[in-house]
Amino acid sequence: MAYSIGVDIGGTFTDCVVVDDRGQVHTGKAPSTPPDFSAGFFDAVQDAGSKLDLELEEFLRSANTLVHATTAGTNAVTERKGATVGLLATRGHGDAILIMRGAGRTKGLEIDDLLFIPGTTKPAPIVPRERIVEITERLDSRGNVVVALDEQQLREKVTELVKQEVDAIAISFMWSFMNPEHELRAREIVQEIAPDTFVSCSHEVAPRMGEYCRTVAAVMNCYIGPLMHKYTGEIVERGRQAGYGRSVLFAQCTGGSAPIAAVRHTPLFTLDSGPVSGVVASTYLSELFDYPNIITADMGGTTFDVSVISEHAATRRESTIINKYEMYLSSLDVESIGAGGGSIAWIDPASGTMKVGPRSAGAEPGPLCYGHGGSEPTVTDADVVLGIINPDNFLGGRRKLDAAAAHRGVEQLGAHLGLSVQETAAGIAQIVDNHMAEKMRRMTVFRGHDVRDFFVFAFGGAGPVHAGSFARELGVKGVVIPLGDIASVLSAFGTVASDILHVYDASVVLAAPFDSAQLDEIFAPLEESARDAMKEEGFEGDSIELVRSVFMKYGAQIYDTEVPLGGETPEQLVSKFEQVYEQRFGKDSGYAPAGIEVIRERVYATARLPRPEIRQGARCSGSNGDSHAEPGSRDVWWAESGGFEKTPIYQGTEGLSVDEAVDGPLIIELPDTTVPVRPGQQVRIDGFGNLLITFE
């Protein structure tokens, strides 16, 4: 038997998904192990192997693929624990990253925080001014050399940075994406002086117009570069020692995966690779199950991640904001808030009201009910108090929860509010559910989508627990728990459902009417670079797919729109842009008399990997006959009725017949998650093992 293994590390748990060559899906789960996350990685792999009666070494020797979605880089950025970075900038432009376009105080803030300008501050600089050095050189906007690179000055400045014990050096010169000559020469000199220093050139990380966002991308790449070089090496080496003899692949925020060499060169693309992998899985399953419009809702222990899939296509974004720093980073569009099972409930001293999150108890100490020394009640504690989560059957009985500790913590919080323990727990759940519904509303309604056309795909360990509440609040058609218990580890499933993907950009501005020959001339070197890179990774010929797209806008506009190319004539390209623009922004929103421009060109290079084969019946344990496993019952406190109600409890889906609707309230306890079907809701299981919850 051969296996494809995918691993996703979250803030609380590390998930593993294994697909064998018969299409069967197996799972493993282990606590995340900060600061050495590689330990949790192999714990989860070993847990999955043990369910197949395989020792770790035998299991990894049988693996065809090992793909990893890592949070190592993301954690380093958010916790400000990255490398010591120096920056080489064009003379006169050293302060660009500190000025932050003037919006650094408010970038990425929610509206409530944005309105209170006096309460905003700039983030601490990633690179302090003493480690930013300005170099005499200059190109014009067409890439022509105006001022030659002063190599003597460059050597002196690099030597000064080395004396400051920098771990990495970012190089960001003006207009380098039009002509990388100066950046490439600067890198050669840096490597001569400090051969062990990580170096990143802005034209390679973000070849786009926009000095600030390009510089931030290069600096962030350096900030996590040394860490990711060490971390990926540990994963590869420990895998080799444990018996894995192939190339380890790493998931990327672009929506694909890449081998270690590409990740070490541009580790920036591993940011948010875990949440993005959940979107990759949902996109794959949307085609298989014929759900064209999906809102993904990934609720883990620490965060709640949302994305939108429209007509089977995931939405993308071209920039990312972290700690108020905006950088160019092409990614599937996932937005996160601090709302997870470990989110802490607390009393705001200013208002005396209860709030939930964004602080999290994380993996350690975790919720009170984990019994690891937590001191504040969390969402998971509230779910235990309400009877939603069974403390004796958490994670399929692999972990026993301390229900008394959860009860005491929630009760103490409620004493400050004059509420009973159940009312307090219900309030915690309602607050976090409203936060999640609001985030989903901003990702859909605020962008012109009609949520009544969408289903929610709820996954992650806590997503199915709360989906029936926040999805009903949002007003969607229903909730899908994809593949039943696999939903709890869907991001790990997404890593083995992904392909090798590289993105190549150029920034050549063309005005309509366009010249097809000129476009071909621009795309030719991008496609050549793509083929060369794929060949080095072992892919050639028909195994490679190259897809072209352009970014277009009306004249005098700031924002652009991506338009995929499929052999259109110049006239058809203009018409296609107008259709895409109108679909996104509304009828008659464009202004053709201003002119139409192509401002960027892109090639998506994909090498197809074997996809996990999901067949009808493979994930479905529901009954098709008259025999049913009788459910048990327990008292559950439902907010809809304001009290306890004896509720049927199903162990797995054995008591459900395929395509037969069952009225709530009821609870389905799966090995790695829990699915409450609330009063006024119905649930049915389909032939793939998906659970579909609909509302009255």
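The values are calculated or read from the model by the stated rules, or taken from the named source; none is laboratory data. Just so it is clear, the structure is predicted and the values come from calculations on it, not from any experiment. Cβ coordinates were reconstructed from backbone atoms using ideal geometry, including for glycine residues, and neighbour counts include every protein chain displayed. Areas reflect the complete protein model, heavy atoms only, side chains present, ligands, DNA and RNA absent. Shrake-Rupley method; radii C 1.70, N 1.55, O 1.52, S 1.80 Å.
Points worth noting:
- Residue satisfying condition, being more than 26 Å from Ala217 (Cα to Cα), under 19 Å from the mean Cα position of the chain (by Cα) and in contact (Cβ under 8 Å) with a residue 60 or more places away in the chain, within set Thr12, Thr70: Thr12
- Close Cβ contacts (under 8 Å, 6 or more residues apart or on different chains) running from residues in region 398-420 that are open to solvent by 50 Å² or more (accessible area, probe 1.4 Å) to residues that are of a type in the set (Asp, Glu) comprise Lys400/Asp392.
Every residue, every condition in (1) without any contact (Cβ under 8 Å) to a residue 12 or more places away in the chain; (2) more than 24 Å from Gly11 (Cα to Cα); (3) assigned to a strand (DSSP E or B), yes or no:
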| position | (1), (2), (3) |
| --- | --- |
| Gly461 | no, no, no |
| Arg472 | no, yes, no |
| Val479 | no, yes, yes |
| Ala487 | no, no, no |
| Val503 | no, yes, yes |
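- Any chance Val263 is without any contact (Cβ under 8 Å) to a residue 40 or more places away in the chain and among the aliphatic types (A, V, I, L, M): yes
- Scope region 507-525; condition assigned to a loop (DSSP other than H, G, I, E, B), open to solvent by 40 Å² or more (accessible area, probe 1.4 Å) and not hydrophobic (A, V, I, L, M, F, W, C); matching residues: Pro513, Asp515
- Selection count, region 549-564, where residues are in a loop (DSSP other than H, G, I, E, B) and polar (S, T, N, Q): 1
- Subset of region 38-67 that is aliphatic (A, V, I, L, M) and open to solvent by 10 Å² or more (accessible area, probe 1.4 Å) - its residue that is farthest from the chain's Cα centre (by Cα): Leu54
- Apart from one condition, Glu165 fits all of (1) within 15 Å of Gly86 (Cβ to Cβ); (2) in contact (Cβ under 8 Å) with a residue 60 or more places away in the chain; (3) not in a loop (DSSP other than H, G, I, E, B); the exception is (3).
- So His265, is it touching a Pro at 6+ places or on another chain (Cβ under 6 Å) and open to solvent by 20 Å² or more (accessible area, probe 1.4 Å): no
- Residue within region 610-620 that is open to solvent by less than 80 Å² (accessible area, probe 1.4 Å) and modelled with pLDDT of 90 or more present: no
- Test set (1) without any contact (Cβ under 8 Å) to a residue 40 or more places away in the chain; (2) over 28 Å from Ile126 (Cβ atoms); (3) not aliphatic (A, V, I, L, M) - Asn293 fails condition number: (1)
- Selected residue (criterion: surrounded by the fewest Cβ atoms within 10 Å (Cβ to Cβ)) from residues of region 282-308 that are over 12 Å from Ala458 (Cα atoms) and touching a helix residue (DSSP H, G or I) at 6+ places or on another chain (Cβ under 6 Å): Asn293
- A search for C-beta distances below 7 Å between a residue of region 112-131 that is within 14 Å of Val216 (Cα to Cα) and open to solvent by 90 Å² or more (accessible area, probe 1.4 Å) and any residue that is in a helix (DSSP H, G or I) and at pLDDT below 90, counting only pairs 6+ apart in sequence or on different chains, returns nothing.
- Residue that is nearest to Tyr581 (Cα to Cα), among those in region 536-554 that are among the aliphatic types (A, V, I, L, M) and in contact with a helix residue (DSSP H, G or I) (Cβ under 7 Å, 6 or more places away or on another chain): Met552
- Among the residues here, Arg91 qualifies as at pLDDT 95 or above and of a type in the set (Lys, Arg).
- Hits in region 654-696 (condition: open to solvent by 20 Å² or more (accessible area, probe 1.4 Å), in a strand (DSSP E or B) and without any contact (Cβ under 8 Å) to a residue 60 or more places away in the chain): Val658, Val662, Asp663, Gln682, Arg684
- Whichever residue in region 330-350 is farther than 20 Å from Glu438 by Cα and among the polar types (S, T, N, Q) and, among such residues, is surrounded by the most Cβ atoms within 10 Å (Cβ to Cβ): Ser331
- Test set (1) over 36 Å from the mean Cα position of the chain (by Cα); (2) among the aliphatic types (A, V, I, L, M); (3) under 30 Å from Arg105 (Cβ atoms) - Val146 fails condition number: (3)
- Looking across region 94-112, the residues that are among the β-branched types (Val, Ile, Thr) and modelled with pLDDT under 90 come down to Thr106, Ile111.
- Count - residues of region 350-371 that are in a loop (DSSP other than H, G, I, E, B) and either acidic (Asp, Glu) or under 28 Å from the mean Cα position of the chain (by Cα) (or both): 7
- Residues within region 373-393 that are within 29 Å of Tyr650 (Cα to Cα), more than 26 Å from the chain's Cα centre (by Cα) and either among the hydrophobic types (A, V, I, L, M, F, W, C) or open to solvent by 20 Å² or more (accessible area, probe 1.4 Å) (or both), tallied: 10
- Residue within region 461-477 that is open to solvent by less than 20 Å² (accessible area, probe 1.4 Å), in contact with a Ser or Thr (Cβ under 8 Å, 6 or more places away or on another chain) and not hydrophobic (A, V, I, L, M, F, W, C) present: yes
- Of the candidates Ala429, Ala467, Ala437, the single residue that is part of a helix (DSSP H, G or I), within 18 Å of Gly301 (Cβ to Cβ) and out of contact with any strand residue (DSSP E or B) (no Cβ under 8 Å at 6 or more places or on another chain) is Ala429.
- Evaluation of Asn75 against the conditions (1) crowded, with 18+ Cβ neighbours inside 10 Å; (2) in contact (Cβ under 8 Å) with a residue 60 or more places away in the chain shows that the sole unmet condition is (2).
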